[in-house]
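The values are calculated or read from the model by the stated rules, or taken from the named source; none is laboratory data. It should be emphasised that the depicted structure is a prediction, and the values quoted were computed from it without experimental measurement. Note that we place each Cβ from the backbone using ideal geometry, even for glycine, and neighbour counts take in every protein chain shown.
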């Protein structure tokens, strides 16, 4: 499965469920054109923005910089996004969609160890296409400064947590395990704390031995996977 999708799935918040959208369906809050070409341009802008925010930081980037990296004119970018704030909010929503697609392909009997070890490897290598530690920090910082972005991030994390709780329910049924709604919410929060810690560790110690990470995950993940 897509490892940064798993990571975002685990960056859980509350437990309200958002309406499902696939990777190409429109978000009602997005102002951009919805033609096939428009969707392609939006995707190009978001990819360029993600890379630029990781390398330069959110506040150092300009709309002109992002347009240049996306290979479009500075004027055209405003057909799709009016500001960097709109872009970062679209990135947050995009990750929620990706998390749903990722969880949809995750087997119910997965131990999550291999997926999280691979995620740590990707984060540590600074893959600009992934949910990187730097992007995680940039979005977290911006949400602390901007109430609207904070609300969208909170809503996204609530949706991601609901999706993960749904996966836990499926896993519990498949393995004949029983748990309460509160118990699964607790397990989901445990997963959130574990993954966010891994993201920070990948930023600080990207060369940390994978054998130790794997062993630590084997010790901790039963708290998530077992009622």
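Below, the figures for the structure above:
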{"read-out": "Matching residues, the range 189-206, being in contact with a helix residue (DSSP H, G or I) (Cβ under 7 Å, 6 or more places away or on another chain) and in contact (Cβ under 8 Å) with a residue 40 or more places away in the chain", "value": "191, 192, 194, 195, 198, 199, 200, 202, 203, 206"}
{"read-out": "Single match in 132, 143 (criterion: out of contact with any strand residue (DSSP E or B) (no Cβ under 9 Å at 6 or more places or on another chain), crowded, with 18+ Cβ neighbours inside 10 Å and in contact (Cβ under 8 Å) with a residue 24 or more places away in the chain)", "value": "132"}
{"read-out": "Filter result for residue 12 (at pLDDT 50 or above, touching a helix residue (DSSP H, G or I) at 6+ places or on another chain (Cβ under 6 Å) and under 18 Å from residue 97 (Cα atoms))", "value": "no"}
{"read-out": "Filtered residue count, the range 65-86, keeping only those that are over 22 Å from the mean Cα position of the chain (by Cα) and more than 19 Å from residue 55 (Cα to Cα)", "value": "9"}
{"read-out": "In the range 44-58, the residues that are within 16 Å of the chain's Cα centre (by Cα), surrounded by fewer than 22 Cβ atoms within 10 Å (Cβ to Cβ) and within 11 Å of residue 80 (Cβ to Cβ)", "value": "46"}
{"read-out": "Hits in the range 62-105 - residues which are surrounded by 21 or more Cβ atoms within 10 Å (Cβ to Cβ) and in a loop (DSSP other than H, G, I, E, B)", "value": "80, 81"}
{"read-out": "Filtered residues of the range 57-70 (kept if more than 22 Å from residue 97 (Cβ to Cβ) and touching a helix residue (DSSP H, G or I) at 6+ places or on another chain (Cβ under 7 Å))", "value": "57, 61, 63, 65, 67, 69"}
